[in-house]
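Colleague: Attaching a single structure in structure tokens format; questions to follow.
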Amino acid sequence: MPNPPLLLFLLSLSLLTTSHSLTKPSDISALKSFLSSIKPSSIPSYSCLASWNFSSDPCSVPRTTHFICGLTCTPDSLHIQSITLDSAGYSGTLSPFISQLSQLTNLDLSNNYFFGPIPSSLSSLSLLTTLSLRSNSFSGSLPSSLSSLKFLQSLDISYNSLSGYLPNSLVSLSSLRRLDLSFNKFSGSLPKLPNSLIELALKNNLLSGSLSSSSFSGLYALEVIELSSNSFSGSIQPWFFQLPSLQQVNLSNNSLTRVNIPAGSNSDLIAIDLSFNKIEGNLPSNFYTYPLLSSLSLRYNRLRGQIPLEFSKKESLKRLYLDGNYLNGKPPGGFFSGESLVSGCLGDNCLISCPVTSQLCLPSQKPTSICRQAYGGKPRS
Ligand SMILES: *[C@@H]1O[C@H](CO)[C@@H](O)[C@H](O)[C@H]1NC(C)=O
Ligand SMILES: *[C@@H]1O[C@H](CO)[C@@H](O)[C@H](O)[C@H]1NC(C)=O
Ligand SMILES: *[C@@H]1O[C@H](CO)[C@@H](O)[C@H](O)[C@H]1NC(C)=O
């Protein structure tokens, strides 16, 4: 009579030693479909994808000839864990069947020529923590279904051609720390953002409307806000600069008209760029209360009045760009003393006695006629 435990043992031994079918069939068929959506002519012989040859199992080791790079497997070799393609210039669409890779945690196709829509089925990759489709040619909208990715920590789809509104469901990405959708064509206003965010980058889109506290409320970990080159308008209210972890803000090249800076003695803000907007009113003196502020740019706005004396006494301040406004009066002498470490520019204003020997005073001030006009015909200063 055959010995059942021995049979089982032999059976499992043969399973372990066979070189094929380690990886689950559903993962293999998903990979095949992923590969077949990429144009063969865009796969150079030296690239990772050129080594994806299904005559071997994708998860079998050692990888000397087949599946040399571009993917990793789970420790049990049953599933694909990550796909990180090289930047070989691959062109094609992203197969919706990639969603069958049930254990995938990282998908990185950055710096290639993928085009077409982002499949909404990516929402089935429930363990995904990193999704980078940066610098490709994806178009269409950002699928709102992606908001079901509860473990997603980093989403980078910058430098593509996505358009439409940012989905309101973004807020549900409850683990998201880094969101970069810069250099796309997103329009409309900012929805409520996920509370877990540390870094927000939406540079060079077509976003508009005002910066509303409802988008940012509860974002206690947010350190970096990159919203330059959009069409945001209206005023920046004090709550914005009071986001408790904020370190860097770039709102350059928008259409903001007012800025209301609260005192900031507990603030971590290091760099603020509000250049190329339409900000009116006096230069907000409260900037000097931010203990770590090192770089401040307000160039090319419509600011008036004098440069507060405190700015020249502020030791943390290393870069100060105030050129292209209507600032008047005499700039604080501290800027021009031998000890001053401030670089930057105060030119193209209505300042008087800005020493031409100082780099800070280049280029020259505005013509008197323009400054008279700006100050309602009254003599300047
Ligand atoms: C895949 O590998 C097998 C041998 O392992 C080889 O015969 C076959 O030509 C390869 N296929 C491609 C497309 O390179
Ligand atoms: C300003 O933003 C527009 C898009 O809103 C962009 O086309 C332009 O290049 C930006 N300018 C600078 C100097 O960044
Ligand atoms: C802010 O963004 C603009 C446009 O992207 C860029 O030119 C500028 O250098 C940025 N400012 C800082 C301080 O990095």
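Colleague: Please enumerate the residues belonging to segment 285-298 that are more than 10 Å from ligand 3 (Cβ to nearest atom) and crowded, with 20+ Cβ neighbours inside 10 Å.
Modeller: Answer for segment 285-298, where residues must be more than 10 Å from ligand 3 (Cβ to nearest atom) and crowded, with 20+ Cβ neighbours inside 10 Å: PHE287, TYR288, TYR290, LEU293, LEU298.
Colleague: So LEU128 fits all but one of (1) open to solvent by 70 Å² or more (accessible area, probe 1.4 Å); (2) in contact (Cβ under 8 Å) with a residue 12 or more places away in the chain; (3) not aromatic (Phe, Trp, Tyr); what number is the exception?
Modeller: (1)
Colleague: Residues in segment 111-128: is at least one of a type in the set (A, V, I, L, M) and in a strand (DSSP E or B)?
Modeller: No, segment 111-128 contains no residue that is of a type in the set (A, V, I, L, M) and in a strand (DSSP E or B).
Colleague: Name the residue, out of SER233, SER312, SER275, that is part of a loop (DSSP other than H, G, I, E, B) and among the hydroxyl-bearing types (Ser, Thr, Tyr).
Modeller: SER275
Colleague: So, one more: Does segment 211-228 hold any residues that are open to solvent by 10 Å² or more (accessible area, probe 1.4 Å) and more than 16 Å from ligand 2 (Cβ to nearest atom), and which are they?
Modeller: Answer for segment 211-228, where residues must be open to solvent by 10 Å² or more (accessible area, probe 1.4 Å) and more than 16 Å from ligand 2 (Cβ to nearest atom): SER212, SER213, SER214, SER217, GLY218, TYR220, ALA221, GLU223, VAL224.
Colleague: Considering only residues that are under 25 Å from PRO117 (Cα atoms) and either in contact with a helix residue (DSSP H, G or I) (Cβ under 8 Å, 6 or more places away or on another chain) or at pLDDT below 95 (or both), which ones fall in segment 190-235?
Modeller: LEU190, PRO191, LYS192, LEU193, PRO194
Colleague: Taking LEU35 as the residue in question, decide whether it is away from ligand 2 (no atom under 16 Å from the Cβ), in a helix (DSSP H, G or I) and either at pLDDT below 95 or of a type in the set (Asp, Glu) (or both).
Modeller: No, not satisfied.
Colleague: Pick from VAL171, VAL249: which is farther than 23 Å from ASN301 by Cα and either away from ligand 2 (no atom under 14 Å from the Cβ) or open to solvent by 40 Å² or more (accessible area, probe 1.4 Å) (or both)?
Modeller: Matching residue, one of VAL171, VAL249: VAL171.
Colleague: Moving on to the next point. Taking the condition of being touching a strand residue (DSSP E or B) at 6+ places or on another chain (Cβ under 9 Å), exposed (fewer than 15 other Cβ atoms within 10 Å of the Cβ) and of a type outside the set (D, E, K, R), how many residues in segment 325-347 meet it?
Modeller: 1
Colleague: Can you find a residue in segment 301-318 that is within 27 Å of SER196 (Cβ to Cβ) and either touching a helix residue (DSSP H, G or I) at 6+ places or on another chain (Cβ under 9 Å) or within 16 Å of ligand 3 (Cβ to nearest atom) (or both)?
Modeller: no
The values are calculated or read from the model by the stated rules, or taken from the named source; none is laboratory data. Just so you know, these numbers come straight off a predicted model, no measurement behind them. In this analysis, Cβ positions are derived from the backbone assuming ideal geometry, glycine residues included, and neighbour counts consider all displayed protein chains. The protein model used for the area step is the full one, side chains on, heavy atoms only, and it has no ligands, DNA or RNA in it. Shrake-Rupley method; radii C 1.70, N 1.55, O 1.52, S 1.80 Å.
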